[in-house]
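A quick write-up on the structure given underneath.
The values are calculated or read from the model by the stated rules, or taken from the named source; none is laboratory data. The structure presented is a predicted model; accordingly, all values stated were derived computationally and were not measured. Neighbour counts are summed over all protein chains in view; Cβ atoms, including those assigned to glycine, are modelled from backbone coordinates with ideal geometry.
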Amino acid sequence: MGKVMAVCVSEIKGVQKRNVHTAKLVENYGIENDAHAGNWHRQVSLLSYDKIEEFRARGAVVDDGAFGENLIVQGIDFRNCPIGTRFRCNDVILELTQIGKECHSGCAIYKAMGDCIMPREGVFTKVLHGGIISEGDELEIIN
């Protein structure tokens, strides 16, 4: 069981997301008002709070959403979940579609730290059932 620590969006691509604390997720679309939403396999991105904290312990100064992640969740190591894993948070059901990603060259975090965790720790999901997710909500693995 995990706990949602932040809910982040950005209205345009290519900028860091900001914590909006609560959001509406739309089936087969993603997070309402997020630039990365759409009819594709990377509708909602998730990153482990624990991995962000490890990165911060190495001296990184990163805000919620700095890696482009939509949901920051404490207590789940997403990288160890197989493709097809489903998660439930309130009425929302997400399905894991991709683990990691190619990082665009020269992101601000990589320039500052010589490393970025999103390419290896971040995961992507599609929304199978919509609803509202807020900070403090529980996220559970359902299969």
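No other residue among K126, K101 is within 23 Å of I12 (Cβ to Cβ), surrounded by 14 or more Cβ atoms within 10 Å (Cβ to Cβ), charged (D, E, K, R) and at pLDDT 95 or above apart from K126.
Going by the conditions given, is A60 more than 15 Å from the chain's Cα centre (by Cα), closer than 17 Å to M5 by Cβ, in a loop (DSSP other than H, G, I, E, B) and in contact (Cβ under 8 Å) with a residue 24 or more places away in the chain?
Working: more than 15 Å from the chain's Cα centre (by Cα): yes; closer than 17 Å to M5 by Cβ: yes; in a loop (DSSP other than H, G, I, E, B): yes; in contact (Cβ under 8 Å) with a residue 24 or more places away in the chain: yes.
So A60 passes the test.
Taking region 6-30 as the region of interest, how many residues are surrounded by 21 or more Cβ atoms within 10 Å (Cβ to Cβ), at pLDDT 95 or above and within 11 Å of the chain's Cα centre (by Cα)? The total comes to 3.
Residues that are in contact with a strand residue (DSSP E or B) (Cβ under 8 Å, 6 or more places away or on another chain) and surrounded by fewer than 17 Cβ atoms within 10 Å (Cβ to Cβ) were ranked within region 56-77; the one that is farthest from Q98 (Cα to Cα) is D63. Looking only at residues in region 46-55 that are at pLDDT 85 or above and more than 23 Å from R88 (Cβ to Cβ), the one that is surrounded by the fewest Cβ atoms within 10 Å (Cβ to Cβ) is E53.
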